[in-house]
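The values are calculated or read from the model by the stated rules, or taken from the named source; none is laboratory data. This is a predicted model, so every value here is computed, not measured. Please note: Cβ atoms are built from the backbone with ideal geometry, for glycine as well, and neighbour counts cover all protein chains shown. The area values use the complete protein model at the heavy-atom level, side chains included, leaving out ligands, DNA and RNA. Shrake-Rupley method; radii C 1.70, N 1.55, O 1.52, S 1.80 Å.
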Amino acid sequence: MFRKNIKKNPEVFNNVSEGLRRLYRTKLLPLENTYLFHEFHSPALEDAHFDQKPMVLLVGQYSTGKTTFIRHLLDQDFPGMRIGPEPTTDSFIAVMHGEQEGMIPGNALVVDPKKPFRKLTCFGNQFLNRFMCAQMPNPVLESISIIDTPGILSGEKQRHCRGYDFAAVLEWFAERVDRIILLFDAHKLDISDEFSEVIRALKNHEDKMRVVLNKADQISTQQLMRVYGALMWALGKIINTPEVVRVYIGSFWAQAQMVPDNRQLFEAEEQDLFLDIQSLPRNAAVRKLNDLIKRARLATVHAHIISALKSEMPSVFRKESKKKELLANLGLIYQKIEKEHKISRGDFPNIHKMRELLDGQDFSRFPSLKPKLLQRVEDMLANDIARLMSMVRHEEASMPCPTVKGGAFDGPTRGPFGLGYGVGASEGMDDQEWVVSRDKPAYDEVFRALSPVNGKVSGAAAKKEMLKSKLPNTVLGKIWNLADMDNDGYLDDEEFALANHLIKVKLEGHELPAMLPEHLLPPSRRTPLPGAQSSLESSRVTA
C-alpha cells in the first residue's frame, strides 16, 4: 500500500494577518489543545493578537523613568500617570489610542474581544485589579501601544506581596509585544534579584530586547563610561550570551540637562532609539510571523515530550514510581527525542521549569503521538509560512511606509535644531561665505606644492596627497566624484580645497553627502539668476 496524497490546493489569504489567524486556528491550535500546550507554556492566541498595533513593553526598577519616558514620547500626560522618586506605578497600564480620554479597569478590559488581553484572566483577580488601560487621542498611539509596568523592587518581602506571578505576566506580554525596553538609572545602577529573575524570564525574547541607560545627564563623562561598563558586565552575567544587547544612552525627558557635556551623544542615541521604535509598524507582520514560527516549533517539541512520557507509562501498576523515574531522567528523554526526530536542542523548553510543571500532571492521561497533527504543523512551516513571507514583501511594496508620528517623534527634523545641522557636511549652510574658504589658504599651499599645470593638478598627483588621510579608496573615490565637478580628471584650486574639506568632514566622524549640497559649491561655480532663485536652482536652469 502507498500513502494517499491528501494535500489540497494551498489556501488563499487576503492579507498576512488573516493568513496568520487562519493558520493558527486550523493547523497549530489543534496540536496545542491536544497536548495541553496552554497548561505548560502559553495561553491560546486570540484573533485580536493578529490585528493589534505594535506594542512596546517598558520594564525597569522603580524610579528609572519608565512613566516619564512614556510621557516624553507622547509629549503629554496620560490617564493614571504618576511620577515620583518613590515606587509610584503599582499597576500594569496599557497606554492605547482612543477617541475619548479615560481609564478601563482590568476586569472590563479582558472581556473586550477587540483588545488582545482576554487570556490574562488566567492570572486571577489579584493581577486584574492591578491592570488597566489608559486611552487617549494621541498621534503616537495611532501607530503603537505602550505597556507601563510596576517598578521592580528589591527584597524578598515586596516580591511575594504582589499576589500574582510577576515574571510570568511579563513573559506573557513579552511573547506578544514587538519591542521590550529595559530601563536602568545611570545615577544609581543596581540590578535587584527580582530584576535579574525578570531578565532571565525574558531571555527567549532577546531579539525584541533593547536597553536604555536613562538619566545619563546626571553624571560626568568619566562616570558614564564606568557605569556603562558596569551595566554591560552585569547584563552579560544575567543573560549569559556572547551577543551584546543594544544599549541607548541618554536622558529621556523634556527637562534641561544637568551635565550637558554629552549632549551630542545623547541626541544621536535618542535619534537611533526613535528610528528603532518607528520601524515597528513596518516590521509588525514579520514579527508576528516570526513569533508564530517559534510557537509552532515549541508546540511540536512539547507534543513529542508529552507523547514520549505517555509511551513510557505502565498500563496498570507502578504509575507513581515510574512518573518519578521519568522526571528524574527527563534529560535523557530530551536527548532521545532530539536524535529520533532531528530537533535542535535550542527548541526544547527549560528542563527545570518543565520538570516542575510535569510534577502535578497525571502522565497516564497524556495523549499518544498523533502524526497527522504534527504533519499539518510541518506543512504550515514548510509551505504556508513561505507563501505568507512573500505576501509580507508584497504588502510592504504596495503600501506607503508606515511609521510612528507625533509627540517626541515630530521633533526638529528640520531647522537649526535638527540632528546634524551645522556640523559635518552641513557646516556653513547658513553662511554667505564659502565654508571651505576658512582653510583654503592652507590647502592652496599644498596645491601649489603639487606643481599644477594650467591651474590644475592631475588625478595622480591629487591621489598621492589624498592617500595621506589613510581613508579607504572607496571613501576617497566618493570624495573625488563630489569634488571633480566638471569630470575632467583634474582638480583646480577650489576643487582641491573642497576635496580636502570633505576629507576633514569624514575624518571627524561625519557622513559624506550623496550629492554636493548648494553651500559647498565653490563661488566660481555658482551662477545666480536675477530674482529670488537660489544658485542651485540656477544651475538646474542652465543645465
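Charge dipole of the stretch 273-353 (Cα centre as origin; +1 on each Lys and Arg Cβ, -1 on each Asp and Glu Cβ, all else neutral): 140 debye, rounded to the nearest 20. Amide H contacts for residue 152 (H built 1.01 Å from N in the peptide plane; partners 5 or more residues away or on another chain; cut-off under 5 Å): 60, 61, 62. Dipole magnitude for the stretch 46-117: computed about the Cα centre from +1 point charges on Lys and Arg Cβ and -1 point charges on Asp and Glu Cβ, it is near 180 debye. Taking amide H as placed 1.01 Å from N in the peptide plane, the amide H of residue 133 sits under 5 Å from that of 94, 104, each at least 5 places away or on another chain.
Structural descriptor for the chain: relative contact order 14 percent, calculated from alpha carbon pairs under 8 angstrom and at least 6 residues apart. Solvent-accessible surface of the chain, taken per residue with a 1.4 Å probe and all protein chains present: 52 Å².
For the stretch 126-214, the Cα-based Rg and Dmax, in that order, read 14.2, 41 Å. Bridge orientation summary for the stretch 6-153: considering DSSP beta bridges with both residues in this region, about 40 percent are antiparallel.
The C-alpha atoms of the chain define a longest principal axis, and helix 330-341 lies at about 70 degrees to it. Looking at the chain, the DSSP beta bridges with both ends there are about 30 percent antiparallel.
Express the carbon and sulfur contribution to the solvent-accessible surface of the chain as a percent, rounded to the nearest whole number, probe 1.4 angstrom.
Answer for the chain: carbon and sulfur cover 52 percent of the accessible area.
Taking the Cβ of residue 406 as the centre, find all other residues whose Cβ is under 9 Å away and add up their charges (Lys, Arg: +1; Asp, Glu: -1). Value of the local net charge: -2.
Using the alpha-carbon positions of the chain, Rg (one decimal) and Dmax (whole number) come out as 30.1, 105 Å. The charge dipole of the chain, taken about its Cα centre with unit charges on the Cβ atoms of Lys, Arg (+1), Asp and Glu (-1) only, comes to about 3100 debye.
Remark: the stretch 181-277 is approximated by an ellipsoid whose semi-axes, taken from the C-alpha gyration tensor as √(5λ), come to 23, 15, 11 Å, largest first. Counting only lysines at least 8 places from residue 119 when in the same chain, those with an alpha carbon closer than 23 Å to its own are 27, 53, 203, 208, 288, 294, 353.
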